[in-house]
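To start, the structure under review is shown below, and the notes come after it.
Read the figures in this text as sums done on the coordinates, not as results from a lab. None of the values given here were measured: they were computed from a predicted structure.
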Amino acid sequence: MSQLSNSPPSPVKYVRLIFFLVIIAYFMDIIDASIVTVALPSIRIEFGASIANSQWIYGAYAITLAGFLLLMG
């Protein structure tokens with residue numbers, strides 16, 4: 001007599017997929033921060049902000065991004 005197992009698949013099978021998705025998410029985060037860093041001089045000129053204000057702009061962006069990343073999991 002053979003026994004049929006209806007147990008769920010082992011999570012070990014998906015370790016590489018999970019690792020790949022985490023690496024892609026981290027890469028997208030780095031690219032996003034780099035885009036803001038590159039665009040910051042243009043933003044500063046367009047809005048007439050000082051260098052200190054541009055640091056506040058980047059800080060506000062980083063805090064908002066971190067909040068949304070925590071919110072989305």
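Here are some notes:
- Acute angle (nearest 10 degrees) that the helix 15-47 long axis makes with the longest principal axis of the chain, alpha-carbon atoms: 10 degrees
- Nearest-ten-degree value, helix 51-72 long axis tilted from longest Cα axis of the chain: 20 degrees
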